[in-house]
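Notes to accompany the following structure.
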Amino acid sequence: MIQFTINGKDVTGAEGATILEVARAHNIDIPTFCHHEALAPWSACRLCLVEVTENGRSRLVTSCSFQAKNGIVVVTENKTIRAIRKMIIELLLARCPNAQAVRAMADKLGVTEPRFTIENEFCILCGMCVRVCREVVGAQAITFAHRGSKKRVVSPFFKHSGDCIGCGACVFVCPTQCITMNDVQDAADQYADGAELTGYSRVMNNWRTRLPLKLCKTCGNPIAPEFQLQVLAQKVGLKPEALDVCQTCKE
């Protein structure tokens, strides 16, 4: 175990834990938009900046990626940190003025209206969707394209993503809910890869991907995208028929 102080409070944490992890374990709030417990630290949003004093030297670090050490002194909020966070959220508010999560953070930090040109985006480029697809799902179906003000999250060549398994992990982790999916009844068209219609499909709207849903052999209700179940069966060594029945019918 390691021991140090946060805002004058003595805290302990496990070896290798980050400042953010220890702070949250002790109910000390540090704002962040790009951190998730299931993902590796990214340090993209910079909202989690804290001041660390070590060996008499103070500096600002991202708490989501800075490993806690014995004897350090951490301050999670002061005049400098608050000014930086307000500037970050002001920029995000200008980019995504209608994103509820951004609005809520702006209210919390006392930012009302941005001084910059208003855009109409919802993606804050936190990268959590790209990272969960790569690190957790292992599909790597989406990525970043372009740089600077033109940077965005896209499917390959802005077309149907052949690697997307339709799991919805990207939808789950998106803090601004700008990624959407729908399970719909098929119309009289076909999928991008020419697969046969099953009656229902999952549409990943942002990634231009439409996947047939497998139907439960017992009740006939949709279970999950067939491609997702195939990948899952292959990864864990299940026989295909093990995924022919929905969870409700198994119980």
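The values are calculated or read from the model by the stated rules, or taken from the named source; none is laboratory data. This structure is a prediction, so every number in the text was calculated from the model and none was measured. Because the Cβ atoms are built from the backbone with ideal geometry, glycine has one as well, and the counts that use them run over all protein chains shown.
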> Hey, among the residues in the range 31-47 that are touching a residue at least 40 places away in the same chain (Cβ under 8 Å) and surrounded by fewer than 21 Cβ atoms within 10 Å (Cβ to Cβ), which one's nearest to residue 88 (Cα to Cα)?
Replying inline: 46
>> Condition (residue is crowded, with 21+ Cβ neighbours inside 10 Å and touching a Gly at 6+ places or on another chain (Cβ under 9 Å)) applied to the range 101-121: is it met by at least one residue?
In response: no
> Among (1) assigned by TED's automatic domain parsing to the domain that holds residue 44; (2) touching a Lys or Arg at 6+ places or on another chain (Cβ under 8 Å); (3) of a type outside the set (Gly, Ala, Ser), which single condition is residue 69 missing?
Replying inline: (2)
> If the Cβ limit is 9 Å and pairs must be 6+ apart or interchain, which residue in the range 130-156 that is surrounded by fewer than 20 Cβ atoms within 10 Å (Cβ to Cβ) pairs with which residue that is basic (Lys, Arg)?
Replying inline: 138/235; 140/134; 143/134; 144/151; 144/152; 145/151; 145/152; 146/152
> Tell me, which residue of the range 198-231 that is in contact (Cβ under 8 Å) with a residue 60 or more places away in the chain and of a type in the set (A, V, I, L, M, F, W, C) is surrounded by the fewest Cβ atoms within 10 Å (Cβ to Cβ)?
Replying inline: 231
>> I'm told residue 59 meets every condition in (1) within 14 Å of residue 81 (Cβ to Cβ); (2) crowded, with 16+ Cβ neighbours inside 10 Å except one. Can you identify the failing condition by its number?
In response: (2)
> Of all residues in the range 164-219, which are at pLDDT below 90 and either polar (S, T, N, Q) or touching a Phe, Trp or Tyr at 6+ places or on another chain (Cβ under 7 Å) (or both)?
Replying inline: 185, 186, 190, 198
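Being of a type outside the set (D, E, K, R), in contact with a strand residue (DSSP E or B) (Cβ under 7 Å, 6 or more places away or on another chain) and either buried (at least 21 other Cβ atoms within 10 Å of the Cβ) or farther than 26 Å from residue 172 by Cβ (or both): is that true of residue 20 here?
no
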> Quick one: how many residues across the range 154-189 are out of contact with any helix residue (DSSP H, G or I) (no Cβ under 6 Å at 6 or more places or on another chain) and in a strand (DSSP E or B)?
Replying inline: 5
